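Enquirer: Before anything else, here's the structure in question.
The values are calculated or read from the model by the stated rules, or taken from the named source; none is laboratory data. Source: prediction; values computed, not measured. All Cβ positions, even for glycine, are placed from backbone atoms using ideal geometry, and neighbour counts span all protein chains on display. Just so you know, the surface numbers come from the protein's heavy atoms only, side chains and all, with ligands and any DNA or RNA stripped out. Shrake-Rupley method; radii C 1.70, N 1.55, O 1.52, S 1.80 Å.
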Amino acid sequence: MFDDDDPLLAAVRVAALAFPDTQEKVSHGRPAFFTKKVFAYYGGSLRADGDWVPHDQSLVFLPDPEEVQALREDVRVYVPAYLGAYGWLG
């Protein structure tokens, strides 16, 4: 579900792994970055008109509550399948 040689994934790895005690694992077929809990996934998808729409080069994250409204108004942001129900955005 991802290309390990993807340059955007490489940039995400550098940024995410710079946080203290961060590790990476593959979860549900995608790179996941975590300390005690997962804080970001690389790649996601959404369901539109009954079809799965992949967003393979995106970052799925749980935003701060005070930023949700502004983020959801940004056309680049989407509500990912499964995790979107729990407040995550892509």
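Enquirer: In segment 30-55, how many residues are in contact with an Asp or Glu (Cβ under 8 Å, 6 or more places away or on another chain) and either acidic (Asp, Glu) or open to solvent by 40 Å² or more (accessible area, probe 1.4 Å) (or both)?
Expert: 1
Enquirer: Of all the residues that make up segment 37-55, how many are in contact with a strand residue (DSSP E or B) (Cβ under 7 Å, 6 or more places away or on another chain) and touching a residue at least 12 places away in the same chain (Cβ under 8 Å)? Even if it seems obvious, please write down each step before you answer.
Expert: In the first step, residues of segment 37-55 are kept if they are in contact with a strand residue (DSSP E or B) (Cβ under 7 Å, 6 or more places away or on another chain); the result is 38-46, 52-55.
Of the ones still in play, those that are also touching a residue at least 12 places away in the same chain (Cβ under 8 Å) are 39-46, 52, 55.
The number of residues fulfilling the criteria is 10.
Enquirer: Could you tell me which numbered condition ARG76 fails, if it satisfies all but one of (1) outside any helix (DSSP H, G or I); (2) surrounded by 15 or more Cβ atoms within 10 Å (Cβ to Cβ)?
Expert: Failing condition for ARG76: (2).
Enquirer: Identify the residue in segment 1-23 that is open to solvent by less than 60 Å² (accessible area, probe 1.4 Å) and in contact with a strand residue (DSSP E or B) (Cβ under 8 Å, 6 or more places away or on another chain) and, among all such residues, is farthest from GLY87 (Cα to Cα).
Expert: Of everything passing the filter in segment 1-23, ASP6 is farthest from GLY87 (Cα to Cα).
Enquirer: Within segment 56-73, can you find the residues that are in contact with a Phe, Trp or Tyr (Cβ under 6 Å, 6 or more places away or on another chain) and open to solvent by 50 Å² or more (accessible area, probe 1.4 Å)?
Expert: The answer is LEU62, and nothing else.
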